[in-house]
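The next block holds one structure in the form of structure tokens; read it before the comments.
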Amino acid sequence: MFPVNCYVIWDETKETAVIDPGCFYDEEKQKLKDFIATNELTIKHVLNTHLHLDHIFGNPFMLQEFGLSAEANKADEFWLELAPKQSRSFGFQLKDKPVPLGKHLCDGDSITFGNTRLEAIHVPGHSPGSLVYYCKEENCMFSGDVLFQGSIGRADLAGGNFDDLKENICSRLFVLPNETVVYPGHGAPTTIGIEKVENPFFR
């Protein structure tokens, strides 16, 4: 439906977090299910970077298949109610009704599984509840639609603010080490150092 990067991250314990399960079609759901089974993973967390339509398609499937409700920031919760209307505006119907969040995550919260720790960093602007999940030990982050290779997220949807987005990227993300790898919600990975120098929104 909409190309979204879904991330499955784990360590030697096989405990796992799934970030932004944007699987809309049945074959996408099956592919994710098969990947989990083939690698003998145990999902401990389903994390949404934000609650825009394309990032939550698979939330009902994750609840039904693995018994896990998604975790995200409360400020984005209104998007769950808007999802059916938003889908119709794009010319299609949701296959599954959005399901409630299982837990609210706030700035600075730790998400742990196995020997891995992620820190939730609140970076509003693309959406009011946008979270970036930062792993200091592995020197990487999962940025959702906040920061992309050579671009930033749109800010024209409900609750978005372009100036806030730019300011929060600078104050919350660009203070991290330059070598930090950025895994975005769409497109290819990049690094903080590259985006500080080459991203046209910050020149």
task = For a footprinting-style exposure proxy, rank VAL123, VAL4, VAL181 by other Cβ within 10 Å, fewest first.
result = VAL181, VAL4, VAL123
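Order 28-41, 107-120 from most to least packed using the mean count of other Cβ atoms within 10 Å.
Going by the mean number of other Cβ atoms within 10 Å, highest first, we get 107-120, 28-41.
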key: Only Lys, Arg (+1) and Asp, Glu (-1) charged, at Cβ; the chain dipole about Cα centre in debye   = 340 debye
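Just add up the charged neighbours of ASN59: K/R +1, D/E -1, any other residue whose Cβ is under 15 Å from the Cβ of ASN59.
-4
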key: Under 18 Å between alpha carbons - lysine pairs in the chain that sit 8 or more apart or on different chains   = 13
Positive-pole candidate from LEU63, GLY125, LEU94, dipole of the chain, charges at beta carbon = LEU94
Cα lying deepest toward the dipole's positive end in the chain, options PRO177, THR42, ILE152, charges on Cβ = ILE152
key: Gaussian network model of the chain, Cα within-10 Å springs - most flexible of ASP76, ASP26, ASP54   = ASP26
message = Whole angstrom only: what separates the Cα centroid of segment 175-203 from the Cα centroid of segment 28-54?
response = 25 Å
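Taken together, the values in this text are just the output of simple stated rules run on the coordinates, not laboratory data. Being a predicted model, the structure only gives us computed values, none of them experimental. Cβ sites come from the backbone with ideal geometry, for glycine too, and all protein chains shown count toward neighbours.
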